[in-house]
Amino acid sequence: MSVEDKVQETCDSCGCFAEIGTIIGEGDDVLDLVIAAPTEQAARAKLASYETLAKQVSEEANVSCSLDQVADGVELKARLQFTCTAEKLIFELRARSL
């Protein structure tokens, strides 16, 4: 049986297909965000919601940012540092709703 056939094989216990996704690498605990907004106030409001979520995931999360003016508004670049890869992954999954 080829590898391609095994990937499409269903699980006997739950009937699910195998899913190939992102490999979780050790030490991958930094997330870089780019927030584009028409005004600085709007960009900072969006960043505040990300910061709140990061603190819910980990009290030790560290957020740093820089603000750049662009032609149609502002661009805020934020870096979120978590204590471990799992926290970053949890944040990314929860941030999909923002």
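Bear in mind that the values in this text are calculations on the coordinates, not laboratory data. Everything numeric in this text was worked out from a predicted model, so none of it was measured. For neighbour counting, all protein chains shown are included, and Cβ atoms are generated from backbone atoms with ideal geometry for every residue, glycine included.
Here is how the numbers come out for the structure above:
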{"item": "Under the Karplus curve 6.51 cos²θ - 1.76 cosθ + 1.60, θ = phi - 60°, whole-Hz ³J(HN,Hα) for segment 76-84, x wherever Gly or Pro sits", "result": "9, 9, 10, 10, 10, 10, 9, 7, 7"}
{"item": "Local electrostatic count at Leu67 - Lys and Arg +1, Asp and Glu -1, tallied over other residues with Cβ under 9 Å", "result": "-1"}
